[in-house]
Amino acid sequence: MNVIFEGNTRKMRAVWYENGQVILVDQRKLPARLELFSAKNSNDVAFAIKDMVVRGAPAIGITAAWGLAMAKQNGEDMENAVSVIGGTRPTAYDLFKAISYMKKNDFSLEAARRYSQEITNRCKKIGEFGDTLIPQKASILTHCNAGALAVVEWGTALAPMRIAHNSGKDLFVYVDETRPRLQGAKLTAWELQNEGIPHAVIADNAAGLYMHSGKVDLAIVGADRIASNGDFANKIGTYEKAVVAHENGIPFYVAAPASTFDFSIRSGEEIPIEERDQSEVLTIGNTRIAPEESEARNPAFDVTPAKYVSAFITEYGIFKPQELKNLRAMIQKDIFMRED
Ligand code: MRU
């Protein structure tokens, strides 16, 4: 099994292709159980993305890439496969980036392998650049899960922390629990625990207290889609954390590969926000916590304005929001990433 902890580097793959199937670590079951989910056709892949067997923007993209290559191998109607997989989660830009890459490359297995490997390697670079922003001793706040489970191997927001920790820096990570799906408490804490990185899970509502009382030196989060002006969508609650960080003079970094940047839109106003089922808010596990008659609202993401971002950590380096034009020019010269 291809899952977990390769040698000392403790890298983990959340998605891979084996014997004609897309294999996923079933993230719905963690941390209680490490189970695998096998997708045999494009409907299975769409279900896995929609139901969050796999989640996190880059991992969704990689799953889509393997899913489309598998559909082609199966002889499926590719127009239908693209539509079923593309109709799963509207906010994560990586999904659409992966689909467009696979279309250009005739849905070949080789293209899916390349897509997966490229994104993985790029996240390692994000880790190396991000590490330069982390002091020798630091307390870091993060929201949701932007680790190996969300990317395959390195993660985005967690990649700099991994590299900093492995190089001997003294880190402590405040992990927002991330209601309603609890990606922080369940997934980020699990990854940090596996790596031996000191951390504490905090209720989402506690982040303000720790930031105001000087306990947090910097925040690093991932992103689901970044607009040309630097506004970005990430897990619901990110916006609040960015505002409080700004208010308290705490650097707030966004770590993401080029596949998350959507230069076809000007600002965050154009980012579609996924609304998920009410039950995610009204229940915890299988227990209903609100009165039977109560409704819920459940936006999965919010948009943080660029003015709250200290810098974007990318595989090309570190860019302030006003420098994104330079990033865009670099992406245009990058054969793998550029939009034709
Ligand atoms: O709903 P999810 O769990 O897919 O949301 C994930 C996030 O918001 C992550 O922060 C983002 O995708 C970046 S993952 C490297």
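Throughout, read-outs are computed from the coordinates displayed, never taken from laboratory work. Being a predicted model, the structure only gives us computed values, none of them experimental. As a convention, Cβ positions derive from the backbone with ideal geometry for all residues, glycine included, and neighbour counts pool all protein chains shown.
For a Förster distance of 45 Å, can you work out the FRET efficiency between the beta-carbons of SER167 and PHE47, rounded to the nearest 0.05? Provide the component values of the computation, followed by the final result.
Details: r = 40 Å, r/R0 = 0.89.
It comes out at approximately 0.65.
What the Cβ-Cβ distance of ALA296 and LYS333 gives, at R0 = 56 Å and to the nearest 0.05, is a FRET efficiency of 0.75. Going 7 Å from the Cα of SER100 along its beta-carbon direction, which residues of the range 321-335 have the amide nitrogen within less than 20 Å of the resulting point? Answer for the range 321-335: 324-335.
Across the range 3-121, C-alpha contacts under 8 Å between residues 6 or more apart give a mean separation that, scaled by the residue count, equals a relative contact order of 22 percent.
Close Lys pairs in the range 5-124 (alpha-carbon distance under 22 Å; sequence gap of 8 or more, or different chains): 14. Placing +1 on each Lys and Arg Cβ and -1 on each Asp and Glu Cβ, with no other charges, gives the range 124-332 a dipole about its Cα centre of roughly 580 debye. Using only side-chain charges placed at the Cβ, +1 for Lys and Arg and -1 for Asp and Glu, the dipole size of the range 3-121 relative to its Cα centre rounds to 380 debye. The count of lysine pairs in the range 200-340 with alpha-carbon distances below 28 Å, taking only pairs 8 or more places apart or on different chains, stands at 15. Since only VAL82, MET70, ALA112 are under comparison, the one whose Cα sits farthest along the positive direction of the charge dipole of the range 3-121, derived from C-beta charges on Lys, Arg, Asp and Glu, is ALA112.
Comparing LEU187, LEU158, LEU324 in a Gaussian network model of the chain (Cα springs below 10 Å), the most mobile by mean-square fluctuation is LEU324. Span-like helix criteria (full DSSP H runs; alpha carbon extent of at least 18 Å along the helix axis; mean Kyte-Doolittle hydropathy of at least -1.0) are satisfied in the chain by 57-74. In the chain, helical runs assigned H by DSSP with n ≥ 4 each contribute -39500 (n - 2.57); averaged across all residues and rounded to the nearest 500, the mean residue ellipticity at 222 nm is -10500 deg cm²/dmol. A convex hull fitted to the Cα coordinates of the range 137-238 yields 103 cubic angstrom per residue. Let me know the whole percent of all Cα-Cα pairs from the range 124-332 that are separated by more than 21 Å. Here the long-distance tail beyond 21 Å is 51 percent of all Cα pairs in the range 124-332. The gain in end-to-end length when the GLU247 to GLN193 segment is fully stretched comes to 16.4 nm, 0.36 nm per residue minus the alpha carbon separation.
Spatial offset of the range 69-113 relative to the range 273-325 amounts to 25 Å, using the alpha carbon center of each.
If the chain linking LEU34 and HIS212 were pulled fully straight, counting 0.36 nm for each residue of separation and taking away their Cα-Cα distance, it would gain 60.4 nm. Sequence-distant contacts, meaning Cα pairs under 8 Å at least 6 residues apart, place the relative contact order of the range 124-332 at 22 percent.
Each distinct pair of alpha carbons in the range 3-121 adds a 1/r term; the inverse of their mean, the Kirkwood radius, is 14.0 Å. Taking SER259, SER228, SER294 as the candidate residues, the one with maximal mean-square fluctuation in a Gaussian network model of the chain, Cα springs under 10 Å, is SER294.
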